[in-house]
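K.L.:
Sharing a structure, written as structure tokens. Questions coming.
What follows draws every value from the coordinates through simple rules; no lab data is involved. Just so it is clear, the structure is predicted and the values come from calculations on it, not from any experiment. Every residue, glycine among them, receives a Cβ derived from its backbone with ideal geometry; neighbour counts consider all protein chains shown.
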Amino acid sequence: MYYPIGRRDFLRAAAAVLPAWSMKTLAAENTDMHVKALVFDTFGTVVDWRGSIIEEGTAWGNARGINVDWAKFADRWRNGYGPSLNKVRTGELPWTKLDALHRALLDDLLKEFGITGLTEDEKDHWNRVWHRLKPWPDSVAGLTRLKRKYTIATLSNGNVSLLVDMAKNAGLPWDTVLSAELVKHYKPDREVYLSAAELLSLKPEEVMMTAAHSGDLKAARDCGLRTGFIYRPNEYGPGGKADKASPGDFDYVSKDMLDLATQLGV
């Protein structure tokens, strides 16, 4: 008797018995022939938000004689990200740019950590640290390779000006910048993922969402996009719980940006 098996179940089963090169071939046959554009989550996937904030905070604090736990400061700032977005997604807040959400969180953090005496310009500059995040060591080289074959773009909850500044500061070679701001919805709302295909004049299955976060990829897949996972074990620092994925969980599962490029034959 014939029992149909889903594609993801097939890939999981194949992973247990096929060598790595065979899995790459399977993935290429199922995905690569249709994908024309790769769109990327940025925070944690392309840039190291935690390490960048710790580094800049430490230097800034030393110059001003401010001694705080910058790792804790970075984590607390990021921990407010999801709840802030949800307030917008549920209508508790009107549409609000990520810069403004970050600033509201920063104002609370400055009080929590006892940092006082800053001017508005200094607070604004510090809030824009999110515009100055540094890329992971493999990001620029990996994106440069991928750009040879695909249209590459952000698909981030960051506002457009943040993403443009980030690209300039980090040397990220995007073809274009796509943002949740363009549709005034935050991921994981469907409107964000579908906007990538619409704005690039492609079908959803011709676009691959690429991220280090399983929830982002599952939401994209539910909208018909292809999915590429990049493992970022250090996103949350030592002992942090970075997302992991196994072959078959997504269309591509890679250890970094360069590995993804290799699997895609670039």
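K.L.:
Tabulate in residue order the Karplus-calculated ³J(HN,Hα) for region 251-261, using 6.51 cos²θ - 1.76 cosθ + 1.60 with θ = phi - 60°, rounded to whole Hz; enter x for Gly and Pro.
P.N.:
Here the 3J(HN,Hα) series is 4, 9, 10, 10, 8, 6, 5, 5, 5, 4, 4 Hz.
K.L.:
How would you order 222-232, 69-79, 127-137 from highest to lowest mean count of nearby Cβ atoms within 10 Å?
P.N.:
My ranking of the peptides, most packed first, is 222-232, 127-137, 69-79.
K.L.:
So what J values fall out for region 129-143 if you push phi through Karplus, 6.51 cos²θ - 1.76 cosθ + 1.60 with θ = phi - 60°, rounded to Hz, Gly and Pro as x?
P.N.:
Values, residue by residue: 4, 5, 7, 10, 5, 8, x, 4, x, 8, 5, 5, 5, x, 5 Hz.
K.L.:
If amide H atoms are built 1.01 Å from N in the plane of the peptide, which residues on other chains or at least 5 residues away come under 5 Å of the amide H of THR154?
P.N.:
Excluding prolines and chain starts, which carry no amide H, the hits are PHE40, THR176, LEU178.
K.L.:
Given a Förster distance of 30 angstrom, what is the FRET efficiency for GLU120 paired with ARG190, based on the Cβ-Cβ distance and rounded to 0.05? Don't jump to the answer; show the numbers that get you there.
P.N.:
On the way: r = 37 Å, r/R0 = 1.25.
Given R0 = 30 Å and the Cβ-Cβ separation, E is 0.20.
K.L.:
Another question, if that's okay. Projected area of region 110-212, taken from the Cα convex hull and averaged over every viewing direction, in nm²?
P.N.:
Mean shadow area of the hull around the Cα atoms is 8.4 nm².
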